[in-house]
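Here is the structure we will look at.
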Number of protein chains: 2
Amino acid sequence: MMMYLAIDVYGTLVDTAGVTDQLAGLVGDRAPEFATAWRAKQLEYTFRRALMHDYADLPTCTRQALDHTCLTFGTDMAATDRDALMALYRRLPAFADAEPGLRALRDLPLRPFAFSNGNRDDLDHALEAAALAPLLAGVVSLNEARTFKPHPAAYAYFHRAAQTGGAETWLVSGNPFDVIGAVTSGMHAVWIKRSPTMVFDPIGVAPTAVVSSLIELTAMFRERMRVAK
Amino acid sequence: MMMYLAIDVYGTLVDTAGVTDQLAGLVGDRAPEFATAWRAKQLEYTFRRALMHDYADLPTCTRQALDHTCLTFGTDMAATDRDALMALYRRLPAFADAEPGLRALRDLPLRPFAFSNGNRDDLDHALEAAALAPLLAGVVSLNEARTFKPHPAAYAYFHRAAQTGGAETWLVSGNPFDVIGAVTSGMHAVWIKRSPTMVFDPIGVAPTAVVSSLIELTAMFRERMRVAK
């Protein structure tokens, strides 16, 4: 029985902290803190835009979150530097476990899709640059649905776009809000907890499974399939 | 012509940073940072809950945000201390300008309502404790609508509950996300910018007006009414 995977991109296949080195040249020691604040505000803007029913695409949210972070940090950053950071966001580094993790999955009866808030062109670019595209069955961009995770319509859109046809479907994500959104919308979801210090939201919704890297996925699914037989 | 005011409560009439002194006894020097993180996570949970269509009331979001903040700060806080903080949240201190600000508004043809994500009982308690209740025409709790700001349904609910009947309606809030939500939903909105360092989201939606305290509201509305004549 074929299963479907909806694999998140930003924070799961590619590392949003990949902007930190570039930021160090602009904001010095505060680069890690700045990168974290920028990412948090970017997500907040996606939540608020989707909630307000006033969609703007992910690059717009990312750019406006950068502008907000410059304001809160009191950073007078030139437009050209902001452009350079935005360009860097299109070629974020893949996590080291992404390529071997996806490669190992090919031994199993799974159809793995990228599934992201990002625009299609950015996603294609990122997945090509990270050499992950050939390992995926397709790419589902929520820009086409004009909403963001964790709206239930986002997960419903995955089912339609990937043509899951009611088959068992798993979200794979390093982002707890995404895992919770998927479970709340009727998917299974595995949380990629890459660091022991990562915190899952204590709001009464648990991941279906937790692994510490994408490389562990294959063993996890193989074991579940064995038990299910 | 009667105008309607939807006056936000948490962060506008009462100060969510009012938990900081109590926190100092529990987390020491990190109390201000902890209070800020707790408040940010509380708002994030309201955004995500409303977006997921998985409503839980504001006290639940507040408590779960406290639990999350304890986890991220590595704070092993006793349940009794968490209960004490939650109790304190029901009697947050009013801003110094709240009572004189509302009192001065009484000279104008305005109907001022409290309008909040909070539960009715908590709002009544907070407004009584701060001696603000007699200065308001009523209280609109979004718990009754089972959603949160900035969903358009939240602002629509205010119109229904306060029976604005299509009359000019202003949100009054210290929270930029709320100002943006109201403007996006067709209200006027005044941002209470209590400190020069407060940042408004640079996302292309401006407040109708900005004042530095609730006391300035009366002069602002009086001037607008004079000009409109």
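Here is a yes/no grid of residues against (1) at negative phi; (2) in contact with a Leu (Cβ under 9 Å, 6 or more places away or on another chain); (3) in contact (Cβ under 8 Å) with a residue 40 or more places away in the chain:
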| site | (1), (2), (3) |
| --- | --- |
| A:L66 | yes, yes, no |
| A:D83 | yes, no, no |
| A:P93 | yes, no, yes |
| A:N117 | yes, yes, yes |
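Whether any residue in region B:144-157 is away from chain A (no Cβ under 14 Å), under 22 Å from B:A98 (Cβ atoms) and at pLDDT 95 or above is what I want to check. Within region B:144-157, none of the residues are away from chain A (no Cβ under 14 Å), under 22 Å from B:A98 (Cβ atoms) and at pLDDT 95 or above. Among the residues in region A:10-31, are any at pLDDT below 95, farther than 30 Å from B:F177 by Cβ and outside any helix (DSSP H, G or I)? No: zero hits. Number of residues in region B:119-141 that are touching a Phe, Trp or Tyr at 6+ places or on another chain (Cβ under 6 Å) and either free of Cβ contacts under 8 Å to residues at least 12 places away in the same chain or part of a helix (DSSP H, G or I) (or both) equals 0. Does A:A219 meet the test of being more than 10 Å from chain B (Cβ to nearest Cβ) and farther than 25 Å from A:D97 by Cα? Here the answer is no, as A:A219 does not meet what is asked. If you check A:G186, A:G166, A:G204 for being within 11 Å of chain B (Cβ to nearest Cβ) and loosely packed, with under 14 Cβ neighbours inside 10 Å, only one passes: A:G204. Selection within region A:53-97: residues that are part of a helix (DSSP H, G or I), more than 26 Å from A:H151 (Cα to Cα) and hydrophobic (A, V, I, L, M, F, W, C). The member of this set that is nearest to the other protein chains (Cβ to nearest Cβ) is A:L71. Here region A:50-103 is the region considered, the condition is being of a type in the set (S, T, N, Q) and under 18 Å from the mean Cα position of the chain (by Cα), and the residue that is surrounded by the most Cβ atoms within 10 Å (Cβ to Cβ) is A:T62. Being hydrophobic (A, V, I, L, M, F, W, C), within 14 Å of chain A (Cβ to nearest Cβ) and at negative phi holds for only one residue in B:L26, B:L43, B:L127, and it is B:L43.
Collect the residues in region B:148-163 that are hydrophobic (A, V, I, L, M, F, W, C) and either over 20 Å from B:G118 (Cα atoms) or surrounded by 20 or more Cβ atoms within 10 Å (Cβ to Cβ) (or both), keeping them in residue-number order. B:F148, B:A154, B:F158, B:A162 - these are the residues of region B:148-163 that are hydrophobic (A, V, I, L, M, F, W, C) and either over 20 Å from B:G118 (Cα atoms) or surrounded by 20 or more Cβ atoms within 10 Å (Cβ to Cβ) (or both).
The values are calculated or read from the model by the stated rules, or taken from the named source; none is laboratory data. As the structure is a prediction and not an experimental result, all values here were calculated from the model. Glycine also receives a Cβ, built like all others from the backbone with ideal geometry; neighbour counts cover every protein chain displayed.
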